[in-house]
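Since the structure comes first, as structure tokens, the remarks are kept for the end.
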Amino acid sequence: MAKSSANICLRFCNEKCYFLTASLRPCVVEPFEANEDNDGLPEKSLNKKLAEFNHERNVGPRFAEVGSFEHEYGTRWKQLLELFKTKQEALKRELKMEEKTRSSNGIRSI
């Protein structure tokens, strides 16, 4: 049951735009994979007295209505993020192939 609920949430968040704060940066939801990389800051390290903190938190989590500005902006953000990841992977493959070519030709990389 929990796995199917997680898959439903994953699909729903990927098909729509889910925002956590006032900023129009949608959440990117991926299946959980255990790793030791902890990105981000813990809640306790945020300065809650800053105006920016209050501005971001004054709008709660929500799904953008289809056709709204938030939805269009969030969808475009997701497309650009996907394009970035695709280009980054292509660049990594290209660099790896170049490194193999150099090593097979006896050229040392710097």
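The values are calculated or read from the model by the stated rules, or taken from the named source; none is laboratory data. Predicted, not measured: the structure shown is a model, and the values here were computed from it. Glycine gets a Cβ as well: all are built from the backbone with ideal geometry, and neighbour counts include every protein chain shown.
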Go through segment 1-31 residue by residue and tally those that are within 15 Å of residue 68 (Cβ to Cβ) and among the hydrophobic types (A, V, I, L, M, F, W, C). 4
Residues located in segment 19-73, provided they are surrounded by 12 or more Cβ atoms within 10 Å (Cβ to Cβ), assigned to a helix (DSSP H, G or I) and either modelled with pLDDT of 90 or more or over 20 Å from the mean Cα position of the chain (by Cα) (or both): 53, 55, 70, 71, 72, 73
Search result, residues across segment 1-18 that are assigned to a loop (DSSP other than H, G, I, E, B) and modelled with pLDDT of 85 or more: 16, 17
Which pairs do you get when a residue that is within 24 Å of residue 84 (Cα to Cα), found in segment 1-30, comes within reach of a residue that is surrounded by 14 or more Cβ atoms within 10 Å (Cβ to Cβ) and small (Gly, Ala, Ser), reach meaning Cβ atoms under 7 angstrom, with the pair 6+ apart or on two chains? 16/64; 17/64; 17/74; 19/64; 19/74; 24/74; 26/74
